[in-house]
Structure formats: C-alpha cells, structure tokens
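Encoded as structure tokens, the structure appears first; notes follow it.
The values are calculated or read from the model by the stated rules, or taken from the named source; none is laboratory data. Here the structure is a predicted model, which is why all the values come from computation and not from measurement. Please note: Cβ atoms are built from the backbone with ideal geometry, for glycine as well, and neighbour counts cover all protein chains shown. When the accessible area is computed, the model is the full protein with side chains, heavy atoms only, and any ligands, DNA or RNA have been set aside. Shrake-Rupley method; radii C 1.70, N 1.55, O 1.52, S 1.80 Å.
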Amino acid sequence: MSDAFPAAGPADGPLSADARPYDALLLLSFGGPEGPDDVVPFLENVTRGRGIPRERLAEVGEHYFQFGGVSPINDQCRRLLEAVREEFSATAVDLPVYWGNRNWKPYLTDTLREMVHDGRRRVLTLVTSAYASYSGCRQYRENLAEALEALGTEGLELPRVDKLRHYFNHPGFIEPVADGVVAALAQLPPGVRDGARLAFTTHSIPVSAADTSGPPPSHGDGGAYVAQHLDAARLVAEAVRERTGVDREWELVYQSRSGPPQIPWLEPDICDHLESLRDKGAPAAVMVPVGFVSDHMEVLYDLDTEAAAKAAGLGLPVARSATVGTDPRFTAAIRELVLERAALERGARPERCAMGMLGPSHDVCPVGCCPARAPKPAAAGADSPFP
C-alpha cells in the first residue's frame, strides 16, 4: 500500500507524547437514534437521496423499536470519547478530543464548526471503522468534505483535516478481540467447547464495493476489505489457539445485508453459515464480530437476536464474543496511532505498529482508493480539494 510519507530507515525510537502539529482529535462515527421519535428521521438521514418512502423506513426501523427506539452506538461513543480523554490525560498527551456523527446528533458539521470557533487548525480524525471500504472510509471522507464546504460558505477559516490509518491489525485491536473469543468459549458447555467453530462476522457490502476497496493495487476479488478481514481473523484465531491450546476451524462470514436482492453482496450470511455448520456436524460455534468496534445495533439485533434465534432453532450451541469497545489496550492503540501520525507529520520515523501479513496501512488515501459510487469530493486524501 502506498504512503504519503517516504519509506525511511530504522525508527527513531519510542513515541513521545508530542501531538504537534495537531491541535485536536475528532472521533467520527455513524450515529444512531436515542428515542422512538428519532428512528425515522435518523433513517431518513442514512438513506437521503435514495427516495425511500417514509412508511418503508418505519418498517426498517422495527429493529430499533424492539430496543425502545434507542441505538447503543451514541452511548458507546460517549464512553469511548471519555476513555480516550482519560488515556491522553494519563499519558500527558495534550490534545482535546471532539465527537461528531454522520447521521445523528452531534452532527459532524456542528462539531467542526465548534472546533473552528475553539481555534483548532490541524484536526486528526479517528473513524469508528477499522477497515478499508467505501462505507467505512471514503464515505466518511466525503462527509468531512461536505462539512468543510458548508463551513467555507459561512466564511469560517477551514482547518486542515487528516485521518488516522486503518487499525484492523494493530495489537491493541486484535488482542482484546482474541480475549473476547476465549471468554465466549468459556460460556459454551464443556462437552462442545473444544470442537466449537469460530465464525468471524462483518458487515456485508456489495461485491463491487469490496472489489474496489483500498488503494488501486489491492483491487480485485474482495479487495482490501476482504483481505484485511481475513488477516485480522487469522491473527485472532492464532491468538486463541495460543491461549487455549486448541486449533479451531474458522470462517469469515457476513451479516446485515440491506441492498436489493438483484445486486450481489458478500456471502455467506451468518444465519446460512450456522445452518451449514449444523449440517456438517459442528458441535458449537462462537460468533466473533471482528468487523465492528462496539456492540451497536447490528451486533445486538443481527447476532444477539436474529442469529442467536436461528442457532437455537437448529439446536446449535452458540456464544457471541465481545467487541473491543473501550478496552484499555484499544484506547492505548488510539493514542499510539495519534502520536505516530503526529511524528510522521513532523518528519520523524516512528515505529508503525502492525501485526499480520499486510503491514501498516496507508496514512493518506491515494487517488482511486475505495472509489465513490458517484464522483464526490472527499477530504483527508491525496485527491482532497482542501489543503
């Protein structure tokens, strides 16, 4: 994968707590409704421009209504925001942390406006998606560009906005996931525990989007999206083997498909996979939501509700492992990624921590990376219209 920074010699040494030239970190997430009255307006934001009738959105919103109309994602972002602030404070990193969403309050544009009024001029962005894809990276960059353009029409001085690299293979992400799998295995009956399969799950996306995910050299069958998930799953499976002494079979499967049936999406679906495991005689399974940072609605409904019910109907014992959430190793990884990028911007050569076969991801998205469905400007990339 290409980098905006030239390859250099050995690392300069341990990271310092110096976050310069950045003067703020922006936590950028998807957003979610926080009450029944929010559900349909939230879904209108998510699907804007697609012409979906309001009554159809109300049907789609049933998943949220089953949980009182509240998505857990905003509370999870609040906890992550506080955890990162505490991590920075404990390690003498002098960097304020803000939070904005794509689809619900606090909206990204409002947060960036606040940052400008606070005098922030160099903003580093952490997106709550660990992998390369249009919906997990490029679309957030498009949202950043839209927000900056809106602030420009208000006559505000625009900050420079950068984005942290993908962190799917950082040990601070992999190790908590592996520990979560070990804990989930312990929930299974002892007689089926050693034979349990690992089903690594992530959000299904259109095959065409997967094939063009990541920088152009990675485009092809599944693109960077599938390759990165496979590498992360392999790392977790290896760590679980080391912790338990059992070499388990595993597969990467998908969930939460939402597109029209005539468009190919990544398969197999988790529910179909559970049925296949039963037919093959697997004694049990652990569902591992490796594609998600926190236990938001698509984990609570698609896995804990829908897939769990499918498994119960099949008579297949299952457990679901935890996401990284606010694990201290993950918040420490965020700090390391921030300081790494800051050091790179200052011309240093920090160690870039990554596990697995793919190595550290690019720091600046190159031209052609996760291309848009329709040409739209995107910030924080080599083709950004903003300095």
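Residue under question is ALA19, and the condition is that it be surrounded by 19 or more Cβ atoms within 10 Å (Cβ to Cβ), small (Gly, Ala, Ser), at pLDDT 95 or above and out of contact with any Lys or Arg (no Cβ under 8 Å at 6 or more places or on another chain); does it hold? If you could, list the steps in order and put the result at the bottom.
Numbers: surrounded by 19 or more Cβ atoms within 10 Å (Cβ to Cβ): yes; small (Gly, Ala, Ser): yes; at pLDDT 95 or above: yes; out of contact with any Lys or Arg (no Cβ under 8 Å at 6 or more places or on another chain): yes.
Considered against the rule, which asks whether it is surrounded by 19 or more Cβ atoms within 10 Å (Cβ to Cβ), small (Gly, Ala, Ser), at pLDDT 95 or above and out of contact with any Lys or Arg (no Cβ under 8 Å at 6 or more places or on another chain), ALA19 comes out as yes.
State the number of residues belonging to the range 17-28 that are aliphatic (A, V, I, L, M) and in a loop (DSSP other than H, G, I, E, B).
Total meeting the criteria: 2.
Given (1) surrounded by fewer than 18 Cβ atoms within 10 Å (Cβ to Cβ); (2) free of Cβ contacts under 8 Å to residues at least 40 places away in the same chain, identify the lone condition not met by ARG349.
Exception for ARG349: condition (2).
Of these, VAL127, VAL161, which one is in contact with a Lys or Arg (Cβ under 7 Å, 6 or more places away or on another chain), crowded, with 23+ Cβ neighbours inside 10 Å and of a type outside the set (Asp, Glu)?
Numbers: VAL161 fails: in contact with a Lys or Arg (Cβ under 7 Å, 6 or more places away or on another chain).
That would be VAL127, the only listed residue that is in contact with a Lys or Arg (Cβ under 7 Å, 6 or more places away or on another chain), crowded, with 23+ Cβ neighbours inside 10 Å and of a type outside the set (Asp, Glu).
Kindly indicate whether ASP94 is over 20 Å from the mean Cα position of the chain (by Cα), modelled with pLDDT of 95 or more and farther than 30 Å from GLU340 by Cα.
Values: over 20 Å from the mean Cα position of the chain (by Cα): yes; modelled with pLDDT of 95 or more: yes; farther than 30 Å from GLU340 by Cα: no.
Answer is no for this residue.
Could you tell me which residue of the range 94-120 is nearest to GLU306 (Cα to Cα), considering only residues that are part of a helix (DSSP H, G or I) and of a type in the set (A, V, I, L, M)?
First pass over the range 94-120, keeping only residues part of a helix (DSSP H, G or I): 108-117.
Now drop any that are not of a type in the set (A, V, I, L, M), which leaves 108, 112, 115-116.
Working: LEU108: 32, LEU112: 37, MET115: 40, VAL116: 43 Å.
Filtering the range 94-120 for residues that are part of a helix (DSSP H, G or I) and of a type in the set (A, V, I, L, M), the one nearest to GLU306 (Cα to Cα) comes out as LEU108.
Can you list the helices (runs of 4 or more DSSP H) lying wholly within the range 129-206 that have 3 or more residues being over 17 Å from SER321 (Cβ atoms)? Even if it seems obvious, please write down each step before you answer.
Values: elements: 139-153, 171-187, 190-193.
Qualifying helices (runs of 4 or more DSSP H): 139-153.
Return the residues of the range 272-325 that are without any contact (Cβ under 8 Å) to a residue 24 or more places away in the chain and among the charged types (D, E, K, R); say none if nothing qualifies. Steps first, please.
Residues of the range 272-325 without any contact (Cβ under 8 Å) to a residue 24 or more places away in the chain: 272, 276, 279-281, 304, 308-309, 312-313.
Scanning the range 272-325 gives ASP272, ASP279, LYS280, ASP304.
Count, please, the residues in the range 300-316 that happen to be of a type outside the set (Asp, Glu), open to solvent by less than 40 Å² (accessible area, probe 1.4 Å) and touching a helix residue (DSSP H, G or I) at 6+ places or on another chain (Cβ under 8 Å).
Residues meeting the conditions: 6.
Name the single residue that is least open to solvent (accessible area, probe 1.4 Å) among those in the range 42-72 being over 19 Å from LEU300 (Cα atoms) and among the charged types (D, E, K, R).
Across the range 42-72, the extreme among qualifying residues is GLU44.
Taking the range 221-240, which residues are more than 16 Å from the chain's Cα centre (by Cα), open to solvent by 30 Å² or more (accessible area, probe 1.4 Å) and not acidic (Asp, Glu)? Full working, then the answer.
Keep residues of the range 221-240 that are more than 16 Å from the chain's Cα centre (by Cα), which gives 221-223, 234-240.
With open to solvent by 30 Å² or more (accessible area, probe 1.4 Å) added as a condition, the list becomes 221, 234, 238.
Matches in the range 221-240: ARG234 only.
Of the conditions (1) touching a His at 6+ places or on another chain (Cβ under 9 Å); (2) of a type outside the set (D, E, K, R); (3) closer than 23 Å to HIS296 by Cβ; (4) open to solvent by less than 10 Å² (accessible area, probe 1.4 Å), VAL177 fails just one. Which one is it?
(1)
Specify which of the listed residues (VAL116, VAL84, VAL39) is closer than 30 Å to LEU344 by Cβ and crowded, with 21+ Cβ neighbours inside 10 Å.
On the way: VAL116 fails: crowded, with 21+ Cβ neighbours inside 10 Å; VAL39 fails: closer than 30 Å to LEU344 by Cβ.
Going through VAL116, VAL84, VAL39 in turn, just one is closer than 30 Å to LEU344 by Cβ and crowded, with 21+ Cβ neighbours inside 10 Å: VAL84.
I need the helices (runs of 4 or more DSSP H) fully contained in the range 29-93, keeping only those with at least 2 residues that are closer than 30 Å to PRO328 by Cβ. Give the steps one after another, and end with the answer.
Working: elements: 39-46, 54-60, 62-65, 73-90.
In the range 29-93, 73-90 are the helices (runs of 4 or more DSSP H) which contain 2 or more residues that are closer than 30 Å to PRO328 by Cβ.
Looking at the range 224-256 only, could you name the residues that are among the acidic types (Asp, Glu), touching a residue at least 12 places away in the same chain (Cβ under 8 Å) and part of a helix (DSSP H, G or I)? Spell out the reasoning first.
Taking the range 224-256 as the starting set, the residues that turn out to be among the acidic types (Asp, Glu) are 231, 238, 242, 247, 249, 251.
Filter again for touching a residue at least 12 places away in the same chain (Cβ under 8 Å), leaving 231, 249, 251.
The answer is ASP231, and nothing else.
Hey, can you tell me all the residues within the range 248-288 that are exposed (fewer than 12 other Cβ atoms within 10 Å of the Cβ) and among the charged types (D, E, K, R)?
ASP279, LYS280
Out of curiosity, is GLU142 surrounded by fewer than 21 Cβ atoms within 10 Å (Cβ to Cβ) and free of Cβ contacts under 8 Å to residues at least 24 places away in the same chain? Walk me through it before giving the result.
On the way: surrounded by fewer than 21 Cβ atoms within 10 Å (Cβ to Cβ): yes; free of Cβ contacts under 8 Å to residues at least 24 places away in the same chain: no.
Judged against the criteria, GLU142 is not a match.
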